[in-house]
Each structure stands twice: as C-alpha cells, then as structure tokens.
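Some notes on the structure that comes next.
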Amino acid sequence: MSAPEPSAAPVTVAGRLSTYLRGGGIITPIITVLLAFVVGGLVVLVTGHNPFSTYRAIWDGTGLAWLFPWTTGEDRTLAALNLQQTLLTTAPLILTGLAVAFAFRCGLFNIGGQGQYLVGTFAAVWVGSSFSGMAHLPHVVLCMIAACAAGAVWGGIAGLLRALTGANEVISTIMLNWIAVWVGVFLFGLGGPLQSDTDRSVPVSNDIAEGAKLPVFWGDAQLQGLHVGLFIALAMLLVFWVILNRTRTGFEVRAVGFNPEAARSAGISVGRNYMLVMAICGLFAGLAGSLDVLGWQFRVATNTVQISEVGFLGIAVALLGRNTAIGTMFAALLWGALVTGTSVRNLDPEVFEPALAANLTRIIQGVVILLVSADILVIYLWQFRRKLRRKGAPEDPAMQVAV
C-alpha cells in the first residue's frame, strides 16, 4: 500500500498569507521595515541630503517623542500637537487596514477600500449636514450607521459579483473605486445635488452640524485635536479579532480562505461568505470615512475626493500588519507617523524638502509591500520545493523487501 499523499498546500491568497503568518513571527515585519528605511535612506543620500538628519526631522514631526519622559518644555508641547495629528491619521488607517485584512482571511484581495471609504464620507456628510436639530449622540450614531451601510453596500457589490459570476474582486473593486470618485465629483461639484447651499461657487458639500461632530478629548478642537474616533477604531480591532476567532462566521471565513473547495464540500456556502466578507470590509472602510468627516474635515470637497488615498494605504497597513489585529494597529501607527512627519507643516525645509519627503514616504511604503510580497513568495516556493522532494523521494527499503 502506498503512503498517503501529503496535505495539499493552501490554494488561495489567504492560504499563502497564513503560511507567512506562521513563518517569522514578529521578526519578519521588523526586518522588513528596517530594510525599507535603509532603502529610503539611500535615496535621501543620492539626492544630496543627510539621511540621519532627515529621519530625525521626520521623527520630530511625528510627535512620538511625547511618549518619552525626557521630552520636556516647549518640545513636549509641540510633540503633543504633532502626536495628535499622527493619531488622527492612524484611526482611519486602522479601519481601512482591517477592511483589507478581513478580505485576505477569506482568500479575497480587497483593493476597494478607497471607494468604500469615499462612499462612507458621502453618507456621513449628507446625514451630518441634515437633521440639524437632532440631539448630539443620536446624530453622531446615525451618521456612522449611514457611513457603515454605504461602505457595506459598496463592498457587497464586489462580493456579489464574485459569488454569482466569479468576477475577480481585484478588477471589480478597482472599477468601484473610480465610480465612487466620480460619483463624489458629481454630488459635490458645481451644481451638484449635494453642493453647498451657502457657497455655490465652490465644489464642496455643506458643513456638518455642530451636533454631528465627534468630541475632542485631547487638544484644541479648533486646531484639529484628537477626537474619540480613535477609541472607536481600537474597538473595531477587538471586533475584528472576536469575529475571526470566536464566532462561527469567522471559522467559515477562515475555512473558505484556506481552501474554498474543501469548505464547500463541508457544507459551507462559499458565495455567501464572499458577499458577507466584502460587506464587512466595506463597513470597516465606510466607518473610517465617517471618522474623518465627523472628526476633523466636517465637509467633503471634490479635490479631496480625487486625491485621497486612505483606502490605498490600508493595503500596506494590512500587509505589514500580517492581517492580524495587533499588527494592523502598529502598522497603521507607523504609516500615520510617516504621513504626519513628512507633511509640509512639520518637516523643516532646510533639512529636506517636504515635497520630496512625501515621495520618500511612498518609497518606503512601496519597498515594504515589495519585501512583504517577496517574503510570501519565497516561503511558498520553499514549501512547494519541499513538497516536490517528498513526492520524488524513494520508497522505504523495508517496504520494498516486504513486497
């Protein structure tokens, strides 16, 4: 009797990512980030600047020095202001990162976080600028529910197409991103149905009502202080973990992600999980949009709709965070710090031109994604090589004698 075949390798993106999760622990993402910063430093050096002083200036701009007790006086005050901005950026990145990570766990690649984020902002600003007489808490909650519902519907479209027609979610979500952009341009453009009632010469929405704004708990509300949306984003990390690891839905999602055919044979509806997962992804991204609108933007303009990239950064956050809750949180903090530290407001132009620094951030992000992807490929190919060696190994001599 021949020996049993070794178990098949995972056949989906989520399966390969699961292999990646099991190989390298926390060391791999740390090494990935360090290599990305080394590459970025070489780019800075080539441009004729000092990489050490550049990274020091970016560090000062992030405000993370506030966390250390030796930062005192005016430096501590400035660091507090910068850290507030870093965390303002981190909160939506956590949610858009979860929107990508949750899809990965089901074997899907959600590139539509940007479109889902945008429709969330549209819904939040429409509800927020309406019902001005509503009490504060119900108004905020209603805005968030509307944003979550809009994002869930937008993500669910891609899930439905995948479930019914087998349409690749990468293609459909990219198309939905562009549809969301141009829907926003139409809604808030000159003469658009949701353009501002008070300034008809500017392509912008109405401002949300005072009662729809998120409370600020650290800093000055007039200077974009840190709002309670950060706690909402952190709570969603817990929700993400509970759904995946403590519910039947999470079990089915992970089963479909590892091997959809085996899951289908076990009685799990693969199509239903595709639709559900993409809807949940859209919910996360739509909620991210509401945090920005209700927390500090207070309006939506056509120019911000076209240049926003929060949803795209979520892809880098999820990959670096290894599609885990705790990893997503730290990856989002890293990207938020980079975005804030390289902003025109924070980076000293005598050290490094802010316009170039923004491109430096993109270089670091791109290198991280490249290295993470290469790591997944190397691990997968290594396991595939081991599988081939096992198949080609000669039979046990004892078995040959017995025959």
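Sequence-ordered 3J(HN,Hα) estimates for segment 127-132 from the Karplus curve with 6.51, -1.76 and 1.60 and θ = phi - 60° stand at 5, x, 8, 9, 6, 5 Hz, glycine and proline given as x.
Working ranking of peptides 140-146, 298-304 by packing, defined as the average number of other Cβ atoms within 10 Å per residue, highest first, is 140-146, 298-304. In a fully extended conformation the segment linking VAL38 and ALA262 would gain 76.4 nm over its present Cα-Cα distance, using 0.36 nm per residue. Here the alpha carbons of segment 46-141 define both size measures, Rg and Dmax, at 19.6, 58 Å. The modelled label-to-label distance for the pair ILE30/ARG200, using points 7 Å beyond Cα in the direction of Cβ, is 6.2 nm.
Within the assembled protein chains, the solvent-accessible surface assigned to TRP241 is about 110 Å², based on a 1.4 Å probe.
Using R0 = 51 Å, the C-beta based FRET efficiency linking ARG76 and LEU388 works out to 0.30. Note on PHE217 and TRP59: the model spin-label points, each 7 Å out from Cα along the C-beta direction, lie 2.9 nm apart. Extending 7 Å from the Cα toward the beta-carbon at both ARG248 and TRP182 defines two label points whose distance is 4.3 nm.
Just reorder ARG56, ARG200 by solvent-accessible area, largest first, 1.4 Å probe, all chains present.
In descending accessible area the options line up as ARG56, ARG200.
The values are calculated or read from the model by the stated rules, or taken from the named source; none is laboratory data. Note that the coordinates shown come from a computational prediction; the quantities given were computed from them, not determined experimentally. We place every Cβ from the backbone using ideal geometry, glycine too, and count neighbours over all the protein chains shown. Only protein heavy atoms, including side chains, enter the accessible area calculation; ligands, DNA and RNA are left aside. Shrake-Rupley method; radii C 1.70, N 1.55, O 1.52, S 1.80 Å.
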